[in-house]
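Structure first, commentary second.
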Amino acid sequence: MTFRLKNKGKKVNIYEWMADEPSNIIIYYRPYKKGIKKFIKKDWQAISPEMGETIKRSSIELNPNNSILIDKKLPFIKEIKAYKIPQSGLKYYVIGELNLQSIRARSRPIIIYVK
């Protein structure tokens, strides 16, 4: 899955950006259920990056309307047993959240289909 971090405001400098770009995102997911309107962290599974002792960081600068694309794997999909997937498939909500202290940002939930 590819996430896009877009600066919609003034120029931003991020000094704690991790060189291993997927480590900058935490994934939250849960099975789809109609009517869920609020993100309550305890109701979601999290995929957090493993943080080693030495984290290489670099600074990035985002000008207005510039973006960064971050590819992130969804390992929970491999854990789904194929024989448990109904013909219509399974639906999941997925949310990405920045794994930074200086900037807080969380995506809106999207729905993915697993067939």
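Any read-out appearing in this document is the output of simple, stated calculations on the displayed coordinates, not a laboratory observation. What you see is a predicted model; the values in this text were computed from it and never measured. Note: ideal-geometry Cβ built from the backbone for every residue, glycine included; neighbour counts use all protein chains shown.
So, in region 1-15, of the ones that are out of contact with any Ser or Thr (no Cβ under 9 Å at 6 or more places or on another chain) and in a strand (DSSP E or B), which residue ends up surrounded by the most Cβ atoms within 10 Å (Cβ to Cβ)?
We begin by selecting, within region 1-15, every residue out of contact with any Ser or Thr (no Cβ under 9 Å at 6 or more places or on another chain); these are 1-2, 8-12.
Now restrict to residues that are in a strand (DSSP E or B): 2, 12.
Working: T2: 8, V12: 16.
This residue is V12.
Just to confirm my filter: which strands (runs of 3 or more DSSP E) fall fully inside region 35-115 and include at least 2 residues that are over 19 Å from S23 (Cα atoms) and out of contact with any Gly (no Cβ under 7 Å at 6 or more places or on another chain)? Break it down into steps so the answer makes sense when it comes.
Values: elements: 45-47, 57-62, 67-71, 90-98, 110-114.
Result: 90-98, 110-114.
Across region 20-47, which residue is nearest to L5 (Cα to Cα) among those that are surrounded by 12 or more Cβ atoms within 10 Å (Cβ to Cβ) and in contact with a helix residue (DSSP H, G or I) (Cβ under 9 Å, 6 or more places away or on another chain)?
I27
If I filter region 57-115 down to residues being of a type in the set (F, W, Y) and free of Cβ contacts under 8 Å to residues at least 40 places away in the same chain, which single residue comes out as surrounded by the fewest Cβ atoms within 10 Å (Cβ to Cβ)? Write out each step before concluding.
Taking region 57-115 and keeping what is of a type in the set (F, W, Y), we get 76, 83, 92-93, 113.
Now drop any that are not free of Cβ contacts under 8 Å to residues at least 40 places away in the same chain, which leaves 83, 113.
Details: Y83: 5, Y113: 10.
It comes out as Y83.
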